[in-house]
Amino acid sequence: MWLFAGLGNPGDGYSRNRHNIGFMAIDAIAEMYGFSSFRSKFQGEISEGIISGQKVLLLKPQTMMNLSGDSIQKAVRFYKIEPSRIFIFHDDLDIEPSKLRLKDSGGVAGHNGLKSIKACLGTDMFKRVRLGIGHPGDRNRVSGYVLSDFSKDEHIWLDKLILAVAEYVGLLIEDHESDFMTRVAEKVK
């Protein structure tokens, strides 16, 4: 089984925040592949389905961003999922809007959701789909920026990016990560 976990904060008040782009990606994947309805489990919302012939568990932790690892750890233990079969979809300030990058392991670049996951799993050997939201320019404005909604103009690229991620996510399972990045980039242009 594969685990695709999106990071965000629970509740309607956060649903369109930049920080919730990971939840948006998970919702788009569930819809595109006809996954089961989300249900509550592991301190999160889960859904199951098939992508590229492989069983995939989608997870949206409902613990608030800074405690995402608690929910992910519970799912990983229950299903005995290896870290190499975990993809975390999350916002990234250091990548310009509409772009994405993949990362196999390593540091968390100050992202509190990733810090929590690394601490709870006891490893940084999980994969990340880093979805660019850009930086506000001033470090003192970061918190307000990530917790603010995407603007109407930003939805032009955001909707394309989320749809492309969902459409090509099977390439990640098939170990064609560079093809995934290329196809998403082409779709978002």
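Under the 0.36 nm per residue contour assumption, what length would be gained going from the current alpha-carbon distance of residue 101 and residue 66 to full extension? Each step should come with its number before you reach the end.
Details: separation 35, 0.36 × 35 = 12.60 nm, distance 2.18 nm.
Result for the pair: 10.4 nm of gain on full extension.
Quick one: which residues, 5 or more positions from residue 89 or on another chain, have an amide H under 5 Å from its amide H? H modelled 1.01 Å from N in the peptide plane, none for Pro or chain starts.
The answer is 5, 6, 7, 129.
Taking the Cα centre of segment 65-189 as origin, sum charge times position over the Cβ atoms of Lys and Arg (+1) and Asp and Glu (-1), and report the length of that vector in debye to the nearest 20. Mind dumping the intermediate values first?
On the way: 19 positive and 19 negative charges, 70 e Å.
Dipole about the Cα centre, nearest 20: 340 debye.
Could you line up 95, 162, 156 from fewest to most neighbouring Cβ atoms inside 10 Å? Let's see the in-between values first.
On the way: 95 16, 162 21, 156 13.
Lowest to highest Cβ neighbour count: 156, 95, 162.
For an R0 of 30 angstrom, estimate the FRET efficiency from the Cβ-Cβ distance between residue 151 and residue 32 and round to the nearest 0.05.
After rounding, the FRET efficiency stands at 0.75.
Name the most mobile residue of 39, 141, 130, meaning the one with the largest mean-square fluctuation, in a Gaussian network model of the chain with Cα contacts below 10 Å.
Comparing 39, 141, 130 in a Gaussian network model of the chain, the most mobile one is 141.
Can you work out ³J(HN,Hα) from phi for every residue in segment 50-67, in order, using Karplus 6.51 cos²θ - 1.76 cosθ + 1.60 and θ = phi - 60°, giving whole Hz and x for Gly and Pro?
Couplings: 10, 9, 6, x, 10, 6, 10, 9, 9, 9, 10, x, 10, 9, 6, 3, 5, 10 Hz.
Who wins for biggest fluctuation among 28, 75, 109 in a Gaussian network model of the chain, springs between alpha carbons below 10 Å?
109
Would you calculate, for the chain, the mean residue ellipticity at 222 nm contributed by helices, counting each DSSP H stretch of 4 or more residues as -39,500 (n - 2.57) and dividing by all residues, to the nearest 500?
Rounded to the nearest 500, it is -10500 deg cm²/dmol.
Based on Cβ point charges of +1 for Lys and Arg and -1 for Asp and Glu, what charge dipole magnitude is obtained for segment 1-69 about its Cα centre, in debye rounded to the nearest 20? Walk me through the numbers on the way to the answer.
Working: 6 positive and 5 negative charges, 22 e Å.
Value, rounded to 20: 100 debye.
Just for the chain, what percent of DSSP beta bridges are antiparallel, to the closest 5? Mind dumping the intermediate values first?
Details: 16 of 30 bridges.
Roughly 55 percent of the DSSP beta bridges within the chain come out antiparallel.
Check residue 51: other-chain or 5+ apart residues with amide H under 5 Å from its amide H, H built from backbone geometry?
Placed amide hydrogens put 56 under 5 Å from residue 51.
What is the Cα centroid distance between segment 154-188 and segment 1-77, reported in whole angstrom?
18 Å
Go ahead and collect, in residue order, the members of segment 93-129 whose backbone nitrogen is under 18 Å from a label point 7 Å along the Cα-Cβ direction of residue 176.
102
Looking at segment 32-95, I'd like the Rg to Rh ratio, where Rg is from alpha-carbon atoms and Rh is Kirkwood's inverse mean 1/r. Present the calculation step by step, with values, prior to reporting the outcome.
Numbers: Rg = 12.4 Å, Rh = 12.8 Å.
Looking at segment 32-95, the ratio lands at 0.97.
Which one of 172, 40, 150 is farthest out on the positive end of the charge dipole of the chain, using unit charges on Cβ (Lys, Arg +1; Asp, Glu -1) and the Cα centre as origin?
Of 172, 40, 150, it is 40.
Work out how far the C-alpha atoms of the chain reach from end to end along every principal axis, then list the three figures in whole Å, largest first.
41, 33, 31
Can you tell which of 24, 64, 54 lies farthest toward the positive end of the dipole of segment 2-188, using +1 and -1 charges on the Cβ of basic and acidic side chains (Lys, Arg; Asp, Glu)?
Sorting the options by dipole projection puts first 64.
Computed from the coordinates by the stated procedures, all read-outs in this text should not be read as laboratory data. These figures come from a predicted structure and were not determined experimentally. Virtual Cβ from ideal backbone geometry, glycine too; neighbours counted across all protein chains shown.
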